[in-house]
2 protein chains.
Amino acid sequence: MDKPLESLIVDSILDAIADQRLPAGTKLGEQALSEVFGCNRAHVRRALSMLTGWQVVDHLPNRGAYVATPTPRDARDVFQARRAIETTICRNAVREATDADLDDLRAHLASEDAARGHDNRPALIRLSRGFHILLARIGRNPVLARYLDELTMRSSLIIGLYASGHATLCAEDEHAGIVAAIAARDEGAALALLDAHLRHIEAGIRFDDAPPAVGALSAALRVPR
Amino acid sequence: MDKPLESLIVDSILDAIADQRLPAGTKLGEQALSEVFGCNRAHVRRALSMLTGWQVVDHLPNRGAYVATPTPRDARDVFQARRAIETTICRNAVREATDADLDDLRAHLASEDAARGHDNRPALIRLSRGFHILLARIGRNPVLARYLDELTMRSSLIIGLYASGHATLCAEDEHAGIVAAIAARDEGAALALLDAHLRHIEAGIRFDDAPPAVGALSAALRVPR
DNA sequence: CTAACATTGATTGTTAACAATCAATAATCA
DNA sequence: TGATTATTGATTGTTAACAATCAATGTTAG
């Protein structure tokens, strides 16, 4: 058992960032968090210092912790890193995917379709990220999977900042093409489709509209007690 | 000014790991560290939780923090991740390197030669890692550079564990070839040489000899007060 | 009316004392 | 003798109180 107190706080905040419920720039006050999670301030403090390691929380001395606000520069670097890492992940997935993995992928596509059908945007955001996470799990390299976790989280912040209004956010069904290529063990096609997909996402961000919309904290964090 | 107290502890431990002064499995006791750094135990505690984010310190509840001991599986994944990331870094370096950068690279090669000439193994370990870090800086993608930082540190632990005795550790002058290719703006050659270099390092590790040699703490950490 | 300044409230940083847990030693019993 | 069980010392975990810092409000002079 790994004392799930700090981990709970960390995971809750990471989830909230990934789901775009916690926008960039939100202040993460120690007292506020300790009330939300019903715990000591020291725990919050430890959780926040762990979160700085995920590059999604900035810590300003004597001023507190804030959800990171990636710059356009950061956005470019993050997406380049994603292409570098997801290329290898995808190559692994083409090689390693079992029949059960392919079933998981197809089930995931079905969930995405359902969410799209119901115009369920929050679910679509979560599933859209989940597809890449699933791919990383199938690739069976936890080191790369961990980095992708982090990069998709930063992507959520970037998209929330610079592409909030765009409907083109949720990548049509480019995911389906990638799954088909993996099922066919066609590495070249899979890599090409994935690269195009990532570039498509990146092309959807607009740096002219940068609304530093800071959201409320307690509304975004649901304490899963 | 960013309160360099926790950062100092973190950096000192990271440096010690990178230089192979802190071997895998070493216990990082809170009291011991607070005495070494002459600070409060709470600071040590925060530093340790930051270090877990670097994947080089494992935290066992109620048992303390230990320098991570990568498994052979981890080793394979880490080196695959390095190839994925350094490939892109190298491509960037070929494109972005200025004349000043090339001078830095050549100066670095000279330092390596000097260290090799004096049989200065600690310096050679440090410089060997420094070459890849320098390449990452020239590539001008801080996101990738940060990941490479982490991966080279884990590589140090792996090499210390599984290739401690081998002299083949310090990559001859494969570095020189990479620098030449970058100077010639020959992307293909640079990528091929780098990939071969990384595979060569990985090939040098032997999983049969796994001595969990746990070292002393205070000897490895020098407090830079 | 504007700008500089002082006060105040809230938030973060620091420290020390106490409680809980674990590992190793010592003791007991078969 | 060998294994099991207490005991003990050390280490980690938790909490609360106090100090330092900052941002915002309100005040005063120019």
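The values are calculated or read from the model by the stated rules, or taken from the named source; none is laboratory data. The model shown is predicted, which means the values in this text are computed figures rather than measured ones. So basically every Cβ, Gly included, is an ideal-geometry build from the backbone, and we count neighbours across all protein chains shown. Calculation scope for accessible area: heavy atoms of the full protein, side chains included, ligands and nucleic acids excluded. Shrake-Rupley method; radii C 1.70, N 1.55, O 1.52, S 1.80 Å.
Considering region A:1-53, the residues that are within 10 Å of chain B (Cβ to nearest Cβ) and charged (D, E, K, R) include one that is nearest to DNA strand C (Cβ to nearest atom), namely A:Arg45.
From the list B:Ser12, B:Ser7, B:Ser34, exactly one residue is assigned to a helix (DSSP H, G or I) and surrounded by fewer than 17 Cβ atoms within 10 Å (Cβ to Cβ). Which is it?
Step by step, each of B:Ser12, B:Ser7, B:Ser34 is checked, and only B:Ser7 is assigned to a helix (DSSP H, G or I) and surrounded by fewer than 17 Cβ atoms within 10 Å (Cβ to Cβ).
Residues that are more than 25 Å from A:Ile158 (Cα to Cα), at pLDDT below 95 and within 13 Å of DNA strand D (Cβ to nearest atom) do not occur anywhere in region A:46-55. Taking the numbered list (1) polar (S, T, N, Q); (2) touching a Lys or Arg at 6+ places or on another chain (Cβ under 9 Å); (3) within 16 Å of DNA strand D (Cβ to nearest atom) in turn, A:Asn92 passes all entries but (3). The numbered conditions (1) touching a helix residue (DSSP H, G or I) at 6+ places or on another chain (Cβ under 6 Å); (2) more than 16 Å from DNA strand D (Cβ to nearest atom); (3) of a type in the set (A, V, I, L, M) are all true for B:Ala16 except (1). Among the residues of region A:118-133, those identified as surrounded by fewer than 16 Cβ atoms within 10 Å (Cβ to Cβ) and either among the basic types (Lys, Arg) or not in a helix (DSSP H, G or I) (or both) are A:His118, A:Asp119, A:Asn120, A:Arg121.
Which is surrounded by fewer than 17 Cβ atoms within 10 Å (Cβ to Cβ) and over 26 Å from B:Val56 (Cα atoms), of A:Ala100, A:Ala115? Residue meeting the stated conditions: A:Ala100. Within region B:61-73, one or more residues are more than 16 Å from DNA strand D (Cβ to nearest atom), part of a helix (DSSP H, G or I) and closer than 21 Å to A:Ile138 by Cβ.
Pairing residues of region A:51-64 that are over 16 Å from A:Glu6 (Cβ atoms) and of a type outside the set (Asp, Glu) with residues that are within 12 Å of DNA strand C (Cβ to nearest atom) and open to solvent by 20 Å² or more (accessible area, probe 1.4 Å), at Cβ distances under 8 Å and at least 6 apart in sequence or on separate chains, gives A:Leu60/A:Tyr66; A:Pro61/B:Met1; A:Pro61/B:Asp2; A:Pro61/B:Lys3; A:Gly64/A:Lys27; A:Gly64/A:Glu30. Among the candidates A:Leu28, A:Leu33, A:Leu22, the residue that is under 14 Å from A:Ser156 (Cα atoms) and more than 11 Å from DNA strand D (Cβ to nearest atom) is uniquely A:Leu22. For region A:134-149, the set of residues classified as within 16 Å of B:Leu151 (Cβ to Cβ) and either within 11 Å of chain B (Cβ to nearest Cβ) or not in a helix (DSSP H, G or I) (or both) consists of A:Asn141, A:Pro142, A:Val143, A:Leu144, A:Ala145, A:Arg146, A:Tyr147, A:Leu148, listed by residue number. Scanning region A:55-83 for residues that are closer than 21 Å to B:Val10 by Cα, more than 16 Å from DNA strand C (Cβ to nearest atom) and open to solvent by 40 Å² or more (accessible area, probe 1.4 Å) gives a single hit, A:Gln55.
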